[in-house]
Amino acid sequence: MYKTELDVGVAGAIANTENKNVISRTVQGAAGIKFGVAVVQGAADKTVRVPTTGDAKFVGVALLDRTARDLTFGGFVQNETARVLDKGVVWVEVTEAVSAGDAAAVDLATGKFNKAGAAFAGAIFDTSAASGALAQLRIK
């Protein structure tokens, strides 16, 4: 007997094998970037940083990368090259309950996802999840 769905993944993990686009960007900011959070354009070309108040143009989602320098941190450290998904489906943590088909937004305080924060253009939830759980986010 086969499962109809894969088991839940971890934040920042690619959710399936369909077409996707992954870009490389240098991490700006001493705080680094956690896996599975939204990222925005940094101050320099080809850099990314965590979003802050007023940000609305998201580059993508920081992907889980087992070759990252500090896996105990759970993300990329400053000046490290991050893998960023800008098209495809990725596991993300949500800060409020979401349903499949809901338009995605970003909680600018955490970089995690919800429905009520800063709109993430072209992104919807593929699966439903309770607050604090993981959902699949589709970026078109």
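Annotation: the chain has a Kirkwood hydrodynamic radius of 14.8 angstrom, from the mean reciprocal C-alpha pair distance.
Across segment 34-50, rounded Karplus estimates of 3J(HN,Hα) from the backbone phi angles (6.51 cos²θ - 1.76 cosθ + 1.60, θ = phi - 60°) give 6, 5, x, 9, 5, 10, 10, 4, x, 6, 9, 4, 6, 10, 9, 8, 6 Hz, Gly and Pro being marked x. For segment 21-139, a crude dipole built from +1 on the beta carbon of Lys and Arg and -1 on the beta carbon of Asp and Glu, taken about the Cα centre, is about 240 debye to the nearest 20. Near A68, once Lys and Arg are set to +1 and Asp and Glu to -1 for all other residues with Cβ below 10 Å from its Cβ, the sum equals 0.
Result for the chain in a Gaussian network model with C-alpha springs under 10 Å: among V48, V22, V90, the largest mean-square fluctuation is at V22.
For segment 23-77, the percent of C-alpha pairs falling in each 5 Å distance bin, counted from 0 to the bin holding the largest distance, reads 4, 22, 32, 26, 11, 4, 0.
By the count of neighbouring beta-carbon atoms within 10 Å, fewest first, K34, K57 end up ordered K57, K34. Take every pair of alpha-carbon atoms less than 8 Å apart whose residues are at least six positions apart; their mean separation over the length of the chain yields a relative contact order of 26 percent.
A short reminder: the numbers here are calculations on the coordinates, not readings from a lab. In this text, all values refer to a predicted model and were calculated from it rather than measured experimentally. Using ideal geometry, Cβ is built from the backbone for each residue, glycine included, and neighbour counts are taken over all protein chains shown.
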